[in-house]
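Right, one structure below, let's go through it.
The values are calculated or read from the model by the stated rules, or taken from the named source; none is laboratory data. Source: prediction; values computed, not measured. Ideal geometry is used to build each Cβ from the backbone, glycine not excepted, and the neighbour counts take in all protein chains shown. Ligands, DNA and RNA are excluded from the accessible area calculation, which covers all protein heavy atoms including side chains. Shrake-Rupley method; radii C 1.70, N 1.55, O 1.52, S 1.80 Å.
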Amino acid sequence: MKRIIPFTKMHGAGNDYVYVYTPDNPIENPEELSILWSDRHKGIGGDGLILIGKSDVADFSMRMFNNDGSEGMMCGNGTRCIAKYVYDKGLTNKTVVTLETLSGIKVLHLHLGNDGLVESVTVDMGEPILADTKQCATADGSLRNGMVEAGGKTYQGTFVSMGNPHFVIFVPSIADIDLVGEGRALENSPMFPERCNIEFVEKLQDGSLRVRVWERGTGITQACGTGACAVGTAACLTGNSGRESRIIMDGGELLIEWREADNHIYMTGPAATVFEGEIGVEE
């Protein structure tokens, strides 16, 4: 017997997920369903599954699963889509929404379009973490312009965690990167005990940052919100930008601001609904 689950396919700068509102549609096996539904040939298609739920400490909660079934701490692009989902569907009338994630409560500032629907969102992503011995296997858990060996090559980059780990590498030309081979090797480097998201960055003539992403548990993605935050942080730390940066990813642009006043990272970017549907789940 099958139970019918309504879902919404959404993307933030091309980073696409399947969204389900769990108070109305409980999901008992999200790891399995994320693998099944994310398949772009046999399923709905996406970078993973995001569950929107209730919360005792915020307006809503999120759980995020990669397309290999592993659970992530949070997803920056996903938070923006959740803001659009809950506002556009009338689940809230607030234009400032709080969201409980595994990496803390995020504050979402909604920007409405002429049609009254959410067009873009600014997310307070909190403070970047520059040292974490669980995620980076150096003596103090930090790595700024440090060296990592993977796949027979040596890479110079900077470790930044936004709850989930990132390794940001500035390169002369992003076109010369073998994103699959080099990304996979770096993701699984012993330097990163919990595996790692990898960002290759080319600084363009106008000062903007062209980024390609290899996301742990997923592979190549069109964009990564926490990755953009990590890139903005690393760029500021290494003198490649000031506290504001324009990040150009495969799926679109994100604006990152690392505010000196509170040391928080603020990410602004689009959120879009692709389509809605229903899918059967075996019970």
| Does the range 196-222 hold any residues that are farther than 11 Å from Ser245 by Cβ and of a type in the set (Ser, Thr, Tyr), and which are they? | Thr218, Thr221
| task | Taking only the range 45-67 into account, find how many residues are surrounded by fewer than 24 Cβ atoms within 10 Å (Cβ to Cβ), in contact with a Lys or Arg (Cβ under 8 Å, 6 or more places away or on another chain) and farther than 21 Å from Lys89 by Cα. | result | 2
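For (1) buried (at least 21 other Cβ atoms within 10 Å of the Cβ); (2) of a type outside the set (A, V, I, L, M, F, W, C), each residue gets a yes or a no:
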{"site": "Glu149", "(1), (2)": "no, yes"}
{"site": "Thr154", "(1), (2)": "no, yes"}
{"site": "Gly157", "(1), (2)": "yes, yes"}
{"site": "Ser161", "(1), (2)": "yes, yes"}
{"site": "Phe167", "(1), (2)": "yes, no"}
{"site": "Pro172", "(1), (2)": "no, yes"}
{"site": "Asp176", "(1), (2)": "no, yes"}
{"site": "Glu182", "(1), (2)": "no, yes"}
{"site": "Asn188", "(1), (2)": "no, yes"}
| field | Selection from the range 72-90 of residues that are open to solvent by 30 Å² or more (accessible area, probe 1.4 Å) and either in contact with a Ser or Thr (Cβ under 6 Å, 6 or more places away or on another chain) or in a helix (DSSP H, G or I) (or both) | value | Met73, Tyr87, Asp88
| field | Candidate set: the range 201-221, residues that are among the polar types (S, T, N, Q) and touching a helix residue (DSSP H, G or I) at 6+ places or on another chain (Cβ under 9 Å); chosen: the one surrounded by the fewest Cβ atoms within 10 Å (Cβ to Cβ) | value | Thr218
| task | Would you check if there is a residue in the range 230-241 being of a type in the set (Gly, Ala, Ser) and farther than 16 Å from Met125 by Cβ? | result | yes
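Being in contact (Cβ under 8 Å) with a residue 60 or more places away in the chain and either assigned to a helix (DSSP H, G or I) or over 21 Å from Ser120 (Cα atoms) (or both): is that true of Lys42 here? Spell out the reasoning first.
Details: in contact (Cβ under 8 Å) with a residue 60 or more places away in the chain: no; either assigned to a helix (DSSP H, G or I) or over 21 Å from Ser120 (Cα atoms) (or both): yes.
For Lys42, the condition - in contact (Cβ under 8 Å) with a residue 60 or more places away in the chain and either assigned to a helix (DSSP H, G or I) or over 21 Å from Ser120 (Cα atoms) (or both) - is not met.
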| message | Suppose we filter the range 269-283 for residues that are surrounded by fewer than 17 Cβ atoms within 10 Å (Cβ to Cβ) and either among the polar types (S, T, N, Q) or not in a strand (DSSP E or B) (or both); how many remain? | response | 1
| request: Kindly indicate which of Cys229, Cys236 is under 25 Å from Ile105 (Cα atoms), in contact (Cβ under 8 Å) with a residue 24 or more places away in the chain and either of a type in the set (D, E, K, R) or not in a strand (DSSP E or B) (or both). | output: Cys229
| query | Exactly one of (1) under 13 Å from the mean Cα position of the chain (by Cα); (2) modelled with pLDDT under 95 is unmet by Arg216. Its number? | reply | (2)
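Restricting attention to strands (runs of 3 or more DSSP E) lying wholly within the range 117-220, give those where 3 or more residues are farther than 28 Å from Ser38 by Cα.
Values: elements: 118-124, 146-150, 153-161, 165-170, 197-203, 209-215.
Those strands (runs of 3 or more DSSP E) span 146-150, 153-161.
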